[in-house]
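Q: Please find one structure pasted underneath; my questions will follow.
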Number of protein chains: 2
Amino acid sequence: MTEAKTDPRVLRTRRLIMDSFIELSAKKEFKDITVKDITTEAMINRATFYYHFEDIYDLLEKALSEVLLVNLNGEFFPYDNLSEEAFVSIFIAITNFQKSLSTRCHRGYEDTIARIIREQLEIIFYKMLAAQSEGEEDEALKLNAVILSWGIYGASVEWKRKGMKLVPEDFIKPVLPYLLSGLDTI
Amino acid sequence: MTEAKTDPRVLRTRRLIMDSFIELSAKKEFKDITVKDITTEAMINRATFYYHFEDIYDLLEKALSEVLLVNLNGEFFPYDNLSEEAFVSIFIAITNFQKSLSTRCHRGYEDTIARIIREQLEIIFYKMLAAQSEGEEDEALKLNAVILSWGIYGASVEWKRKGMKLVPEDFIKPVLPYLLSGLDTI
DNA sequence: TTTAATGTGTTGTATTTACGACATATCGAT
DNA sequence: ATCGATATGTCGTAAATACAACACATTAAA
């Protein structure tokens with residue numbers, strides 16, 4: 001468990017890049033943001049950007065993952081298993097995230113963003129399932145995590161499509177019994 | 001006039017150190033601030049501190065100089081010569097600076113701070129005198145700058161000693177005729 | 001007085017970052 | 001089409017920074 005801590009310069013630079021990207025995202029669309037824009041805002045060299053990220057899409061993935069994870073961690077990680085409250089908190093976190101995205105313009109990249117959200121959800125669901133299952137087969141856990149991630153994300157899309165009228169808690173409430181009932185089979 | 005611009009990392013690091021020092025100064029006295037405190041707050045390595053500054057006193061000098069210069073530049077640099085408004089603006093800048101210092105605790109270092117202020121004033125007065133004098137002897141200009149810097153600084157000390165009751169503009173007004181009258185002899 | 005703990009300032013080495021140059025690609029205007 | 005301007009991604013070299021180790025000073029407690 002010797003977790004070799006990473007160089008402070010690396011952390012600092014990545015933070016500068018991430019923050020600058022988020023800052024710029026608030027001002028213009030993703031397709032209009034160049035690497036030069038980001039590095040200028042972050043006051044780092046353009047070559048340094050490529051030292052940390054494949055390209056601007058790689059940055060998009062990692063930045064979104066982080067924002068989403070921060071949302072989630074702050075919300076529901078007091079729960080260590082998939083309770084009713086956990087489902088509700090996760091759903092709230094996603095809808096909050098969706099709302100924050102809708103103010104910024106990411107037209108044409110909704111599918112990328114959606115994929116990232118689902119991937120993060122899958123990771124989290126898998127962790128929680130693995131924590132509470134008694135030596136269940138790994139592949140089965142993973143597939144369950146996939147289904148949950150798609151399902152919950154789909155619910156958030158539907159919530160958005162319906163005009164975000166209900167508060168997320170009430171919107172998700174009707175399906176909680178179903179989601180919870182199957183858990184003991186895992 | 002090839003002004004080789006300095007490495008962005010240097011600027012960034014110096015800014016981090018300066019800001020951390022000013023931040024810490026608001027929380028505790030100068031004598032209780034260690035280099036480790038500063039570098040921890042700035043999230044840089046302690047050795048890096050010594051790459052930029054002799055020691056913590058060197059940092060004190062440079063930080064104060066900068067704060068004072070920012071005060072002055074913002075105030076009076078529309079004036080390019082020593083007019084009545086210039087004197088008033090400079091005096092206001094110094095008293096503002098003194099007020100901001102009195103909230104923080106720098107007991108035992110007043111004389112150091114005073115020296116730094118006078119040195120900065122001397123530089124500025126010399127620049128302005130040189131700009132408006134017609135090929136006057138250099139040593140004479142320098143000595144005039146010295147006298148002005150000590151004089152104006154002394155006035156600010158007196159203003160403080162008198163309880164800061166008058167607004168700086170009114171406090172300095174009585175001596176403006178004298179200060180201005182001699183200028184054409186230079 | 002001794003001892004332990006903490007701060008100071010320096011040094012050597014490894015890693016990260018800055019910078020300029022380059023080839024290539026994209027896009028808009030003529 | 002062709003040109004000019006701008007963005008992308010990569011490279012080598014030089015400079016700044018991180019880190020650990022060191023000797024030394026200061027301080028507080030035993």
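The values are calculated or read from the model by the stated rules, or taken from the named source; none is laboratory data. Because the structure is a prediction, the values reported are computed rather than measured. Note: ideal-geometry Cβ built from the backbone for every residue, glycine included; neighbour counts use all protein chains shown. These accessible areas exclude ligands, DNA and RNA; they are computed on the full protein's heavy atoms, side chains included. Shrake-Rupley method; radii C 1.70, N 1.55, O 1.52, S 1.80 Å.
Q: Could you give the dipole magnitude of the protein assembly as shown about its Cα centre, charging the beta-carbon of Lys and Arg +1 and that of Asp and Glu -1, in debye to the nearest 20?
A: Details: 46 positive and 60 negative charges, 117 e Å.
Once rounded to the nearest 20, the dipole reads 560 debye.
Q: Provide the per-residue ³J(HN,Hα) series for the range A:165-172, in order, calculated from phi with Karplus coefficients 6.51, -1.76, 1.60 and θ = phi - 60°, each as a whole number of Hz, with x at glycine and proline positions.
A: 6, 7, 5, x, 3, 6, 5, 8
Q: At a 1.4 Å probe radius, carbon and sulfur cover how many percent of the accessible area of chain A? Write down the numbers at each step before the final one.
A: Values: 6010 of 10910 Å².
Heavy-atom surface of chain A belonging to carbon and sulfur, 1.4 Å probe: 55 percent.
Q: Search the structure for amide H atoms under 5 Å from the amide H of residue B:53, placed 1.01 Å from N in the peptide plane, and list their residues when 5 or more places away or on another chain.
A: Correct list: empty.
Q: I've got another one for you. What angle do you read, to the nearest 10 degrees and between 0 and 90, between the alpha-carbon axis of helix A:110-132 and the longest principal axis of chain A?
A: Relative to chain A, helix A:110-132 is tipped by roughly 50 degrees.
Q: Shortest first and in nm with one decimal, please list how far the residue A:127 label point sits from its counterparts in the other copies (point 7 Å along Cα→Cβ).
A: Listed shortest first, these distances are 5.4 nm.
Q: In Å², nearest 100, what accessible area do chains A and B bury in total when the solvent probe is 1.4 Å? List each step's numbers first, then the result.
A: Working: alone 11070 and 11090 Å², together 21840 Å².
Separately minus together, A and B give about 300 Å² buried.
Q: Just from its helices, what would the mean residue ellipticity at 222 nm be for chain B, if runs of 4 or more DSSP H residues each count -39500 (n - 2.57) and the sum is divided by every residue, rounded to the nearest 500 deg cm²/dmol?
A: On the way: 9 runs with 132 residues, N = 186.
It lands at -23000 deg cm²/dmol.
Q: How far is helix B:8-25 tilted, in degrees, relative to the longest principal axis of the Cα atoms in chain B, given as a value from 0 to 90 rounded to the nearest 10?
A: 80
Q: Relative to the other copies, what are the label-point distances for residue B:160, with labels 7 Å from Cα along the C-beta vector, expressed in nm at one decimal and sorted shortest first?
A: 5.9
Q: Accessible area per residue, 1.4 Å probe, Å², for the range A:7-53: what's the number? Mind showing how you got there, number by number?
A: Values: 2760 Å² over 47 residues.
That works out to 59 Å² for each residue.
Q: Just give the residues from the range B:1-48 buried by at least 20 square angstrom of accessible area in the all-chains context relative to the isolated chain, probe 1.4 Å, and say none if nothing qualifies.
A: B:12, B:43
Q: Right, next: Taking each label point as 7 Å beyond Cα in the direction of the beta carbon, state the distances from residue A:51 to the same residue in the other copies, shortest first, in nm.
A: 1.2
Q: Go through B:38-44, A:34-40 and give me the packing order, highest mean Cβ count within 10 Å leading.
A: Numbers: B:38-44: 18.1, A:34-40: 15.4.
Highest mean packing first, the order is B:38-44, A:34-40.
Q: What residue among B:30, B:53, B:87 has the largest mean-square fluctuation in a Gaussian network model of chain B, using Cα springs under 10 Å?
A: B:53
Q: Return the FRET efficiency for the residue pair residue A:81, residue A:10: r is the Cβ-Cβ distance, R0 is 41 Å, and the value is rounded to the nearest 0.05.
A: Numbers: r = 34 Å, r/R0 = 0.84.
For residue A:81 and residue A:10, the calculated efficiency is 0.75.
Q: Let me ask you something else. Under 1.5 on a/c is rounded, so check that first for the range A:1-57, then, if it is not, pick prolate when a/b is larger than b/c and oblate when it is not; a ≥ b ≥ c are the square roots of the alpha carbon gyration tensor eigenvalues.
A: Numbers: a/c = 2.27, a/b = 2.10, b/c = 1.08.
Judged from the Cα gyration tensor, the range A:1-57 comes out prolate (a/c at least 1.5, a/b above b/c).
Q: Can you tell me the orientation of helix A:84-103 relative to chain A, as the angle in degrees between its alpha-carbon axis and the longest Cα principal axis, to the nearest 10?
A: 30
Q: Separate question: Do you know the relative contact order of chain B, to the nearest whole percent, from alpha carbon pairs under 8 angstrom that are 6+ apart? Could you put the intermediate results ahead of the total?
A: Numbers: 132 pairs, mean separation 40.2, N = 186.
Value for chain B: 22 percent.
Q: Oh, and also: Given a Förster distance of 45 Å, report the FRET efficiency between residue B:45 and residue A:178 from their Cβ-Cβ distance, rounded to the nearest 0.05. Don't jump to the answer; show the numbers that get you there.
A: Values: r = 55 Å, r/R0 = 1.22.
For residue B:45 and residue A:178, the calculated efficiency is 0.25.
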